[in-house]
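Structure first, then comments.
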Amino acid sequence: MAQAAQAEQADESAEIKKKIPAVKWQVPNKRVLYALAPVVVTSIYLFGWRSLLLLIVVSVAAYLTEFVFVRSYYKEPVTSAVFVTAFLFTLSLPPTVPIWIALVGIVFGVAIGKMAFGGFGRNVFNPALTGRAFIYISFGAYMTSSWVEPFKSFPGGFINFLSDATTKATPLAGGAASHLPLFFGNVSGSLGETSAVLLLLGGIYIMVKKAANYRIVLSGVIGMLAFQTVLWAAGVRNALDPLAAATSGGFMLGILFMATDPVSAPGTNKARWIYGALIGVLTVLIRTFSIWKEGVMFAILLGNMFNPILDYYIKQRKTKEDGK
Amino acid sequence: MSNGITFYAIFFAAIFTNNILLTNYLGMCSFLAVSREVKTSQGLGMAVAIVMAATSVLNWLAYRYILVPLDLVYLRFIVFIVIIAAFVQLIEMIIERVSDSLYASLGIFLPLITVNCAILGVCLFMVIREYTLLQAFFYGLGSGIGWALAIIAMAGIRQKMAKARVPKGLAGAGITLIIAGIMALAFMGFSGMIQIT
């Protein structure tokens, strides 16, 4: 009897295994991937084929990490969100980053930042940023000091593996900073953060399609511009002018694609306004005054950290008002 | 003796750049144990902030005017702990007499605080860094507020996660420590803004 039951169980689990598709595609995640596709192509054009190689390696690693958890533990398919994580993570890396460091980051981000919290839809912190913060602090030299100049003329990166014109500074650290290159993206920086115009178009697409909440973006940009203008007008050392600050570094990528991740963003509209503004202001604060050149990543993680409590207070106030 | 750092710089640094919980990992035990619900962690956070501010002043006075003149500095650990415990007991008795509602929201947490290492830690840092009385007060107050901020944020996260299916081996303290680690990672962003050591 016991053996028969066991065999039956084994049959059942085999059947479940057959039924699970390799990837469960969700519409909002697909839209984010569409919005990011032009950015990926641009990153190849600007920095060479190595960025595509990096993207593939990171995506495979992210998929396998989630696969191990969901198949052995939850008996569920891998969701397409893991590819959004992999794309955003890769696009936030510098072009020269060693591949093993990227692997450490993405595995940490998916395993600790997402699967430890119970998997898709339950993570408190953005997994891509958790992974990036981990390697940013652990391997600072690789992540912050060796940048390359992008290719400037047509076939550009499409016929090269990696640009070999190294430079020590990104526009944020006081390199070249005129507005037009910052807007179109041929400046040094992380793979996907340089072209403000493509990020903006992609961001508008996902906002219109409701894959991202416009409230977060709007209040984030306003908060950032307002605070940056104050510091710039006051003549604080290191403070860029607001337009350059908004289009340089990872701010566009962060506020449009990472802060709006519906899982780690707040659930109430009031909290979304506060959350966006908090990220904008913290970004400026960290960029200008801390030892780090880039503050978007930390700002979003700090925003993620205070989301649940913001939601909690707003819901509590609402029930009190309704009670009266 | 004064090291020239303004008291408001110390105040903000104690909350953000040198958060006693997220950069020194002090006061971990009550942070892990009492962060399940927002309400209780609010009470505990407030109690810790008040006690930290008060005991850092008391201990500063005791150190400066009793221990140093009598050449008994090596007794500071015992003296500080005794002063903290006595102060907490006194406050608890007073609150119990004065207000029942305040006792219900604050008083029940006071015995927990007596052994909170963050409070002793604040008193020892203040001695090592040779703060003046005003600096010590704002350092204590800022550290307390920073500690409260961290535990309230943690309680919000844990309350939201109450229904999440965390892997069995990680449930409870395990996932809480992971969250605390990522919180500390995020707080690294503030580093270098204000130097107080």
- prompt: Which residue out of B:Ala164, B:Ala150, B:Ala155 is within 20 Å of A:Asn123 (Cβ to Cβ), free of Cβ contacts under 8 Å to residues at least 40 places away in the same chain and facing chain A (nearest Cβ under 10 Å)?
  reply: B:Ala164
- request: Restrict the check to region A:258-279 and report whether at least one residue is modelled with pLDDT under 90, aromatic (Phe, Trp, Tyr) and at negative phi.
  value: no
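Being in contact with an Asp or Glu (Cβ under 8 Å, 6 or more places away or on another chain) and either assigned to a loop (DSSP other than H, G, I, E, B) or crowded, with 18+ Cβ neighbours inside 10 Å (or both) is true for just one of B:Gly192, B:Gly156, B:Gly144. Which residue is that? Full working, then the answer.
On the way: B:Gly192 fails: in contact with an Asp or Glu (Cβ under 8 Å, 6 or more places away or on another chain); B:Gly144 fails: in contact with an Asp or Glu (Cβ under 8 Å, 6 or more places away or on another chain).
B:Gly156 is the lone residue from the list that is in contact with an Asp or Glu (Cβ under 8 Å, 6 or more places away or on another chain) and either assigned to a loop (DSSP other than H, G, I, E, B) or crowded, with 18+ Cβ neighbours inside 10 Å (or both).
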query: Do you know which of the residues in region A:64-78 that are surrounded by fewer than 19 Cβ atoms within 10 Å (Cβ to Cβ) and outside any loop (DSSP other than H, G, I, E, B) is farthest from the other protein chains (Cβ to nearest Cβ)?
result: A:Leu64
message: Tally up the residues in region A:120-147 that are of a type outside the set (A, V, I, L, M) and assigned to a loop (DSSP other than H, G, I, E, B), please.
response: 9
task: For region A:26-39, enumerate the residues that are surrounded by fewer than 19 Cβ atoms within 10 Å (Cβ to Cβ) and either without any contact (Cβ under 8 Å) to a residue 24 or more places away in the chain or of a type in the set (Val, Ile, Thr) (or both).
output: A:Val27, A:Ala37
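Conditions tested, residue by residue: (1) more than 21 Å from B:Phe31 (Cβ to Cβ); (2) β-branched (Val, Ile, Thr).
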{"site": "B:Met93", "(1), (2)": "yes, no"}
{"site": "B:Tyr103", "(1), (2)": "yes, no"}
{"site": "B:Val122", "(1), (2)": "no, yes"}
{"site": "B:Phe125", "(1), (2)": "no, no"}
{"site": "B:Arg129", "(1), (2)": "yes, no"}
{"site": "B:Ile157", "(1), (2)": "no, yes"}
{"site": "B:Ala173", "(1), (2)": "no, no"}
{"site": "B:Ile178", "(1), (2)": "no, yes"}
task: Check A:Met115 against each of (1) surrounded by fewer than 24 Cβ atoms within 10 Å (Cβ to Cβ); (2) touching a Phe, Trp or Tyr at 6+ places or on another chain (Cβ under 6 Å) and name the one condition it does not meet.
output: (1)
Residue, surrounded by the most Cβ atoms within 10 Å (Cβ to Cβ), within region B:172-183, restricted to residues that are more than 10 Å from chain A (Cβ to nearest Cβ), at negative phi and of a type in the set (Gly, Ala, Ser): B:Ala180
- prompt: B:Phe187: more than 8 Å from chain A (Cβ to nearest Cβ) and in a helix (DSSP H, G or I), yes or no?
  reply: no
query: Does region A:126-133 contain any residue that is modelled with pLDDT under 90, within 15 Å of the chain's Cα centre (by Cα) and either closer than 30 Å to A:Pro266 by Cβ or not charged (D, E, K, R) (or both)?
result: no
- line: Looking across region A:109-144 at residues that are in contact (Cβ under 8 Å) with a residue 24 or more places away in the chain and of a type in the set (Phe, Trp, Tyr), the single one that is nearest to the other protein chains (Cβ to nearest Cβ) is A:Phe125
query: So which residues in region B:87-111 are without any contact (Cβ under 8 Å) to a residue 60 or more places away in the chain, assigned to a helix (DSSP H, G or I), surrounded by 11 or more Cβ atoms within 10 Å (Cβ to Cβ) and of a type in the set (Ser, Thr, Tyr)?
result: B:Tyr103
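Determine which member of the set B:Ser41, B:Ser56 is surrounded by 21 or more Cβ atoms within 10 Å (Cβ to Cβ) and within 26 Å of B:Ala173 (Cβ to Cβ).
B:Ser41
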query: How do the pairs read when you match residues in region A:223-236 that are modelled with pLDDT under 90 with residues anywhere that are buried (at least 16 other Cβ atoms within 10 Å of the Cβ) and outside any helix (DSSP H, G or I), using Cβ under 6 Å and keeping only pairs 6 or more apart or on different chains?
result: A:Leu231/A:Ala239; A:Trp232/A:Ala239
query: What number of residues within region A:28-57 satisfy the criterion of being of a type in the set (Gly, Ala, Ser) and over 15 Å from the mean Cα position of the chain (by Cα)?
result: 3
statement: Among (1) buried (at least 24 other Cβ atoms within 10 Å of the Cβ); (2) within 13 Å of chain B (Cβ to nearest Cβ); (3) under 27 Å from A:Ser190 (Cα atoms), A:Pro266 falls short only on (3)
field: Filter result for the condition that a residue is at pLDDT 85 or above and in contact with a helix residue (DSSP H, G or I) (Cβ under 9 Å, 6 or more places away or on another chain), over A:Leu200, A:Leu240
entry: A:Leu200
- request: Looking only at region A:272-283, count how many residues are hydrophobic (A, V, I, L, M, F, W, C) and within 11 Å of another protein chain (Cβ to nearest Cβ).
  value: 1
message: Among the listed residues A:Ile286, A:Ile300, A:Ile314, identify the single one that is facing chain B (nearest Cβ under 9 Å) and either surrounded by fewer than 19 Cβ atoms within 10 Å (Cβ to Cβ) or modelled with pLDDT under 90 (or both).
response: A:Ile286
statement: Conditions (1) modelled with pLDDT of 85 or more; (2) under 14 Å from the mean Cα position of the chain (by Cα); (3) more than 15 Å from A:Gly223 (Cα to Cα); (4) within 11 Å of another protein chain (Cβ to nearest Cβ) -> A:Glu294 fails only (1)
query: Looking at A:Thr144, A:Thr96, which one is within 20 Å of A:Ile56 (Cβ to Cβ) and surrounded by fewer than 23 Cβ atoms within 10 Å (Cβ to Cβ)?
result: A:Thr96
message: Criterion first (of a type in the set (Val, Ile, Thr), at the interface with another protein chain (Cβ under 10 Å from one of its Cβ atoms), buried (at least 24 other Cβ atoms within 10 Å of the Cβ) and assigned to a helix (DSSP H, G or I)) does A:Ile309 satisfy it?
response: no
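Does region A:254-263 contain any residue that is buried (at least 21 other Cβ atoms within 10 Å of the Cβ), within 14 Å of another protein chain (Cβ to nearest Cβ) and either touching a Lys or Arg at 6+ places or on another chain (Cβ under 9 Å) or not small (Gly, Ala, Ser) (or both)?
yes
The values are calculated or read from the model by the stated rules, or taken from the named source; none is laboratory data. The structure presented is a predicted model; accordingly, all values stated were derived computationally and were not measured. Positions of Cβ are generated from backbone atoms using ideal geometry, with glycine treated the same way; all protein chains shown enter the neighbour counts.
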